[in-house]
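Please treat every number below as a calculation from the coordinates, not as lab data. What you see is a predicted model; the values in this text were computed from it and never measured. Virtual Cβ from ideal backbone geometry, glycine too; neighbours counted across all protein chains shown.
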Amino acid sequence: MTHTLVEQFILLWVVIDPIGTIPVFIAVVAGVAAADRWKIALKATIAATVVLLLFLVGGQFLINALGISLPAFQIAGGIVLLLFALTMIFGDSKPESEAQQWSAEEDGYSSVAIFPLAMPSLASPGAILAVVVLTDNNRFSIQEQAMTGGIMLAVMACAFILMLAATPILRIIKIAGAALVSRIMGMILAAVAVNTVILAVIELIRTVEI
């Protein structure tokens with residue numbers, strides 16, 4: 001049982017990727033007052049947690065009801081992730097101007113917390129797919145699914161703590177550094193997105209051949 005829990009923790013840690021969220025968080029809050037950054041981190045964490053919990057509880061029913069295959073879900077998620085990555089690479093090179101716009105209104109905080117932090121950074125297509133697979137009603141009991149939910153909540157708590165730790169990092173690298181990190185992170189996300197699509201297409205072809 002312990003071995004299984006460790007495996008699930010590692011899997012959810014990889015797909016949610018709290019550490020990989022730090023550069024995204026730094027890029028989008030570069031010009032936001034330090035006192036307000038925790039609000040964005042908290043809202044992003046709560047929103048991503050709610051999304052993952054919804055898919056944990058009803059994701060399998062939704063996908064089955066709509067007749068959506070897992071490869072199709074992966075391809076769609078990979079395309080969305082790629083589009084976001086391209087905006088990070090070719091978008092405005094001054095994250096401070098965007099951050100000032102977000103900080104002008106409380107709604108701005110909600111917007112950046114939902115996109116790109118909650119989705120697709122934390123509640124990524126891979127994370128959504130993982131919680132659906134790990135809570136398959138045909139393979140796991142209600143107790144096991146509840147334990148998976150607890151592990152997911154622990155990973156999300158780690159993500160929130162790491163985003164709070166990004167504030168001192170931002171204090172060191174400044175806005176120019178945040179813009180550079182945004183470009184680099186965009187390249188990495190683009191590669192991950194393309195790889196997700198390729199693997200899904202391979203799986204789709206394999207399914208058709210069978």
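Multiplying the residue separation of A154 and L42 by 0.36 nm and removing their Cα-Cα distance gives an extension gain of 38.9 nm. Seen from M156, the other residues with C-beta closer than 14 Å to its C-beta sum to a net charge of 0, counting Lys and Arg as +1 and Asp and Glu as -1. Please list log₁₀ I(q)/I(0) at q = 0.18, 0.19 Å⁻¹ for the chain, using the Debye equation with identical point scatterers on the alpha-carbon positions. Values, matching the q order: -1.26, -1.35. Evaluating 6.51 cos²θ - 1.76 cosθ + 1.60 at θ = phi - 60° for every residue in the stretch 61-70, the Karplus couplings come out as 5, 5, 5, 5, 5, 7, x, 8, 7, 4 Hz, glycine and proline recorded as x.
Sequentially through the stretch 151-162, phi angles give Karplus couplings (6.51, -1.76, 1.60; θ = phi - 60°) of 5, 4, 5, 5, 5, 5, 5, 4, 4, 4, 4, 5 Hz, Gly and Pro residues having no value and appearing as x. Taking the C-alpha atoms only, the angle from helix 18-28 to the longest principal axis of the chain is near 40 degrees. As a length-normalised measure over Cα pairs under 8 Å and 6 or more apart, the relative contact order of the chain settles at 46 percent.
Note that the stretch 30-44 has calculated 3J(HN,Hα) couplings of 4, x, 8, 4, 4, 5, 9, 5, 5, 5, 5, 4, 5, 5, 5 Hz, one per residue in order, obtained from phi through the Karplus relation 6.51 cos²θ - 1.76 cosθ + 1.60 (θ = phi - 60°); glycine and proline are x.
By the helix-only formula, in which each DSSP H run with n ≥ 4 contributes -39500 (n - 2.57) and the sum is divided by residues, the chain has a 222 nm mean residue ellipticity of -29000 deg cm²/dmol. What is the distance in Å between the Cα centres of the stretch 37-64 and the stretch 112-182? When both Cα centres are located, 9 Å separates them.
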